[in-house]
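Participant: A single structure is presented below for examination.
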Amino acid sequence: MTEKQNLIPDKNCISRDIIYDGDIKLGKGNIIHPKAYFKTLGGPIIIGSYNIFEERVVIINERKEPLIIGDYNLFEVGTVIQSSNIGNNCNFQPRATAEDGSKIGDNCIIGPKCYVPTKTELPDNTTLYGANKRRKYIPIKDMQQNLHLRHLSYLHEYLPKHNRCMNL
Amino acid sequence: MDEDIIYYDKSEYIETESGNKISRKSVISVPQNIVLGGKTIIQQNCIIRGDLRRKGSGYAVVIGIGKYCLLGENSIIRPPYKIYKGVFSYYPMKISDYVHIGKRSIVEAARIGQYVIIGDDCVVGRFSVIKEYCRILDNTVIPPNTVIPSFSVFGGNPGRFISELPESSQIIFEQKAKQFYERFLPKSQ
């Protein structure tokens with residue numbers, strides 16, 4: 001694992017075609033695709049390292065407390081995160097929604113179009129799928145992280161070639 | 001089948017020589033990697049990712065779209081990705097003729113056959129294959145790697161087989177697609 005981590009640069013690769021407002025703190029090695037949207041109305045947004053944010057991801061913080069996102073998360077197209085804390089190694093599939101004040105643990109998978117209702121806490125290793133049927137299982141963590149790391153290193157190489165990016 | 005004419009603002013759309021109508025408000029990254037078959041309509045706020053492609057240099061078709069297609073408002077077309085033989089890469093995506101994709105749909109399929117209608121708010125997973133003459137209802141979620149057979153109607157979350165289509169659906173779908181293109185006209189001053 002540690003060898004592969006060296007392949008990923010420490011810089012953040014952020015497309016210029018995004019909308020952002022307020023206090024946002026980024027870790028290292030994050031990727032943000034065009035048309036993402038970040039907004040704070042109260043406390044700051046604190047993002048960890050090695051996350052991928054795809055198109056039309058919306059992250060809004062309306063609370064006074066900071067919104068904290070961990071490491072190695074994948075937010076796919078159209079995910080909406082409203083004032084909720086997120087752990088590590090999570091996978092938000094297209095159009096997943098986390099509503100006000102929810103809390104999501106580590107290694108969670110939120111399936112397409114599923115939503116986490118207000119003020120719920122998802123324990124670690126939870127998978128939401130279909131019409132919100134809840135299941136619990138332990139994903140093969142190494143394999144998922146392997147895919148994520150390769151995805152990251154690919155995007156770090158190819159995203160700046162065709163899009164105008166900021167390297168921070 | 002006389003339906004209302006859809007008028008659009010002439011300054012908003014670009015019309016190419018082969019009859020493609022592309023909104024200026026859509027986001028098309030790296031147009032060199034995208035092939036349009038002609039008479040295709042791309043509506044506003046549509047995102048097409050042509051920059052996510054296989055490793056290596058040079059010209060490559062990432063997204064091929066046939067003729068008489070419609071990409072609705074706010075839809076997103078992006079190629080699928082996977083690890084194959086230890087190498088991560090994005091793979092090309094093929095959309096055939098007479099394919100309608102509804103509003104706010106997200107498509108990451110590997111191949112979409114001819115005469116397919118995808119409804120509004122759908123999510124088509126990575127590497128799913130949709131064969132010819134299919135209909136995907138509104139609000140359907142198709143999981144990754146699904147193969148949808150010909151003449152079927154899919155719906156629900158996760159998507160399930162609901163019913164069959166008659167053999168005449170080819171003619172109906174073709175007529176619908178052609179009529180939509182003819183109904184989509186610039187607003188006359």
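Each value in this text was obtained by applying a stated rule to the coordinates, not by laboratory testing. Fair warning: this is a prediction, and the values are worked out from it, not measured in the lab. So basically every Cβ, Gly included, is an ideal-geometry build from the backbone, and we count neighbours across all protein chains shown.
Participant: Step through the residues of the range B:68-76 one at a time and calculate ³J(HN,Hα) from phi using the Karplus curve (6.51 cos²θ - 1.76 cosθ + 1.60, θ = phi - 60°), rounding each to whole Hz and writing x for Gly and Pro.
Facilitator: Using θ = phi - 60°, the values come out as 6, 9, 9, 10, x, 4, 6, 7, 10 Hz.
Participant: Next question. With each label point set 7 Å from Cα along the Cα-Cβ vector, what nm distance links B:Gln179 and A:His162?
Facilitator: Between B:Gln179 and A:His162, the label points sit 3.7 nm apart.
Participant: Here's something else I'd like to know. Mind giving me the FRET efficiency for A:Glu65 and A:Tyr115? R0 is 25 Å, r the Cβ-Cβ distance, nearest 0.05 is fine. Before the final figure, lay out each step's value.
Facilitator: On the way: r = 21 Å, r/R0 = 0.86.
So the FRET efficiency works out to roughly 0.70.
Participant: Could you list, in their original order, any pairs among A:Lys25/A:Lys103; A:Lys113/A:Lys136; A:Lys35/A:Lys64; B:Lys85/B:Lys131 whose Cα atoms are separated by more than 21 Å? All intermediate terms of the calculation are to be shown ahead of the outcome.
Facilitator: On the way: A:Lys25/A:Lys103 19 Å; A:Lys113/A:Lys136 18 Å; A:Lys35/A:Lys64 26 Å; B:Lys85/B:Lys131 27 Å.
Cα-Cα > 21 Å for A:Lys35/A:Lys64; B:Lys85/B:Lys131; rest within.
Participant: For the range B:2-20, list residues with backbone N below 19 Å from a point placed 7 Å from the Cα of B:Ser168 toward its Cβ?
Facilitator: Only B:2-3 pass the distance filter.
Participant: Okay, moving on. Given 0.36 nm per residue, what is the gain on full extension from B:Arg111 to B:Lys82 after removing their alpha carbon distance, in nm?
Facilitator: Values: separation 29, 0.36 × 29 = 10.44 nm, distance 1.51 nm.
Net length gain for the segment: 8.9 nm.
Participant: Using a basic spin-label model with each label point 7 Å from the Cα along Cα→Cβ, how many nm lie between B:Ser150 and B:Asp4?
Facilitator: 3.7
Participant: How many angstrom lie between the C-alpha centres of the range A:52-107 and the range B:102-162?
Facilitator: 26
Participant: If exposed trypsin sites (Lys or Arg not before Pro) are those in a DSSP loop with at most 11 other Cβ within 10 Å, what is the longest stretch of chain A that has none? Don't skip to the answer; put the middle values down first.
Facilitator: On the way: sites that count: A:Arg16, A:Lys64, A:Lys119, A:Arg164.
Result, exposed sites excluded: A:65-118.
Participant: What does the structure give for A:151-158 when I average, per residue, the other chain Cβ atoms found within 10 Å of the residue Cβ? Walk me through the numbers on the way to the answer.
Facilitator: Details: counts 5, 1, 1, 7, 4, 0, 1, 7.
Per residue, the number of nearby Cβ atoms from other chains is 3 on average.
Participant: Looking only at other chains, what is the average number of their beta-carbon atoms within 10 angstrom of each beta-carbon in A:20-29? Each step should come with its number before you reach the end.
Facilitator: Numbers: counts 0, 0, 0, 0, 0, 0, 0, 0, 0, 0.
What the average comes to for A:20-29 is 0.
Participant: Just check the range A:44-168 against the gyration tensor rule for me: Cα atoms, a ≥ b ≥ c as the square roots of the eigenvalues, rounded for a/c under 1.5, and otherwise prolate or oblate depending on whether a/b exceeds b/c.
Facilitator: Details: a/c = 1.76, a/b = 1.28, b/c = 1.38.
Here the range A:44-168 falls in the oblate category.
Participant: Taking springs between alpha-carbon atoms closer than 10 angstrom, which of B:Pro144, B:Pro31, B:Pro166 fluctuates most in the Gaussian network model of chain B?
Facilitator: Checking each option, the largest mean-square fluctuation is seen for B:Pro166.
Participant: Which log10 I(q)/I(0) values does the protein assembly as shown give at q = 0.13 Å⁻¹ under the Debye formula, counting every alpha carbon as one identical point scatterer?
Facilitator: -1.06
Participant: Does chain B come out rounded, prolate or oblate by the C-alpha gyration tensor, with a ≥ b ≥ c the root eigenvalues, rounded set by a/c under 1.5 and, if not, prolate when a/b is larger than b/c and oblate if not? Please report the intermediate quantities before stating the final value.
Facilitator: On the way: a/c = 1.88, a/b = 1.12, b/c = 1.69.
Here chain B falls in the oblate category.
Participant: Please order B:Val153, B:Val99 by the number of other Cβ within 10 Å, starting at the fewest.
Facilitator: Working: B:Val153 18, B:Val99 26.
Taking fewest neighbouring Cβ atoms as first place, the list is B:Val153, B:Val99.
Participant: Amide H neighbours of B:Ser26 under 5 Å, counting only residues 5+ apart in sequence or on other chains, H built in-plane at 1.01 Å?
Facilitator: HN-HN under 5 Å from B:Ser26: B:Asn45, B:Cys46.
Participant: What relative contact order, as a whole-number percentage, does chain B give when Cα pairs under 8 Å and 6 or more residues apart are counted? Could you put the intermediate results ahead of the total?
Facilitator: Values: 529 pairs, mean separation 29.2, N = 189.
Here the relative contact order equals 15 percent.
Participant: Same structure, new question: As a footprinting exposure proxy, order A:Leu26, A:Leu41, A:Leu152 by other Cβ within 10 Å, with the fewest listed first. Before the final figure, lay out the partial values.
Facilitator: Details: A:Leu26 18, A:Leu41 12, A:Leu152 25.
Ranked by crowding around the Cβ, least crowded first: A:Leu41, A:Leu26, A:Leu152.
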